[in-house]
Amino acid sequence: MNKQPLRPITAADRADFERDGVVCLRGMFDFEWLERMRRAVDHAMDAEHPLARRREVTKALGGKTGRSHINTFVWAWNDDFRDWVLNSPCAEIAARIMGVDEVRFFYDQVFVKEPNTAERTDWHHDLPFWPMRGNDIVSVWVALTDVDSTNSQLEYIAGSHKWGKFYAAAIPDKDPRFKSELEPCPDFSTRRDDPTLRFLRWDMQAGDCLVHHPLTVHGSDGNFSLQRRRVAISTRYMGPDARWDPRPAVMAITGDPQLEPGAYPADDRVFPVAWRSSAARA
Ligand SMILES: O=C(O)CCC(=O)C(=O)O
C-alpha cells in the first residue's frame with residue numbers, strides 16, 4: 001500500500017485549490033488501499049460497536065429502496081481506518097495542498113449511497129458544524145468507487161470559501177440540537193443559470209480524490225444508478241492555524257479532547273500528528 005501519493009502534488013494543484021476552494025487529484029491511491037478500504041467500509045456499515053456513530057436512512061427511488069449510510073470517527077474503533085487516516089497518502093496530500101509542514105488528523109467520515117437512493121446531501125459548508133476555526137483545515141474525499149453524474153457526484157461552488165459566509169450547519173436529520181440563528185445555506189440547485197456561480201464536479205475513478213476547504217459550499221444528489229454504489233471516505237486534517245472553538249450547536253468529538261478554547265488542538269490522543277515534512281525527508 002502506498003504511503004506517499006502516487007504522483008506529486010504540483011503548484012498548479014495548489015493554485016486550483018486556492019482559487020476554487022477545491023481540487024481534484026487523480027490516481028493517488030493504489031489498488032491495495034482501495035480493496036482494503038472497500039472491505040473495511042462494508043465491515044463498518046454493519047458492525048455493532050459502542051463507539052460506532054452511524055446515521056442511516058433508506059429512501060426509495062422509483063419504488064425500490066436505497067440506503068444512504070454515514071459513519072463518523074470510525075478510526076476510533078477500526079484498525080483499517082486507523083491505518084488509513086494515519087498512514088495512507090491522505091495526510092501528505094492534505095499537507096501539500098495547504099502548504100504546511102505538519103498536519104494533525106481531525107476526523108474521518110464514510111459516505112455510502114447504495115444504488116437507487118433518493119437521499120441527497122444538501123448544500124452546505126463544513127466549518128459551522130465543527131468545534132474548530134481556522135483556514136488550515138481540509139477534507140480529503142477519496143472515491144472508493146467510480147463516480148459520475150448518475151451516482152451521487154459531489155458538487156462544489158468555486159470560490160465560495162472566499163465569500164465570507166458562515167451558513168448554519170446543515171444536519172441531514174434536522175436534529176434540533178444544531179439549530180442556530182445563522183443564515184441557512186441556500187439551495188444553489190435552483191440557481192444554475194446564475195452567471196456569478198461556477199459549479200464544479202468531476203467524473204472520478206476509484207483512487208481519485210477531492211480536497212476541499214472547510215468553507216467551500218458543496219452537496220451531492222442521490223444515487224440514481226440502478227447498479228452502481230457510491231462509496232467515499234472523507235478524512236479531515238488540520239494545519240497550524242486551526243484553533244479549538246467549542247461553540248454551541250457543534251459536533252461532539254469522540255475521545256473528548258482536553259483543550260482550552262482558542263488553543264491549537266495539540267491533543268496527541270484525539271488529534272494525532274499524521275504527517276511531518278521532517279519525517280518525510282528522513
Ligand atoms: O459524500 C457526500 O455526499 C458528502 C461529503 C461531504 O459533505 C464532505 O465530505 O464534507
For this session: Beyond 27 Å, what share of the Cα-Cα pairs of the chain is found? Please give it as a whole percent.
Result: 36
Problem set entry | the chain: calculated mean residue ellipticity at 222 nm from DSSP helix runs of at least 4, using -39500 (n - 2.57) | -5000 deg cm²/dmol
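About its Cα centre, what dipole magnitude does the chain give when the only charges are +1 on Lys and Arg Cβ and -1 on Asp and Glu Cβ, stated in debye to the nearest 20?
Its charge dipole is roughly 240 debye.
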For this session: Add +1 for every Lys or Arg and -1 for every Asp or Glu among the other residues with Cβ under 10 Å from the Cβ of GLY255, and state the total.
Result: -1
Exercise. Label-point separation (nm) for LYS165 and ASP203, each offset 7 Å from Cα along Cα-to-Cβ?
Worked result: 2.9
Problem set entry | Relative contact order, percent, segment 13-240 [alpha-carbon distance under 8 Å, six or more residues apart] | 34
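May I ask you to derive the FRET efficiency for LYS3 and THR254 from their Cβ-Cβ distance with R0 = 30 Å, giving the value to the nearest 0.05?
0.75
How much length is gained on full extension from THR10 to LEU182, taking 0.36 nm per residue of separation minus their Cα-Cα distance?
Between THR10 and LEU182, full extension yields 58.2 nm more.
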Exercise. What size of dipole, in debye to the nearest 20, comes out for segment 80-231 about its Cα centre when the only charges are +1 on Lys and Arg C-beta atoms and -1 on Asp and Glu C-beta atoms?
Worked result: 240
Exercise. So what does the Cα-only Debye profile of segment 187-282 read at q = 0.12, 0.14, 0.18 Å⁻¹, as log10 I(q)/I(0), no solvent term?
Worked result: -0.69, -0.88, -1.12
For this session: Could you size up the charge dipole of segment 1-145 around its Cα centre, putting +1 on the beta carbon of Lys and Arg and -1 on that of Asp and Glu, and report it in debye to the nearest 20?
Result: 360
Exercise. Of LYS3/LYS179; LYS113/LYS165; LYS3/LYS165, which pairs sit farther than 32 Å apart, going by alpha carbon to alpha carbon?
Worked result: LYS3/LYS179; LYS3/LYS165
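Read the figures in this text as sums done on the coordinates, not as results from a lab. Since this is a predicted model, take the numbers as computed values, not measurements. Glycine gets a Cβ as well: all are built from the backbone with ideal geometry, and neighbour counts include every protein chain shown.
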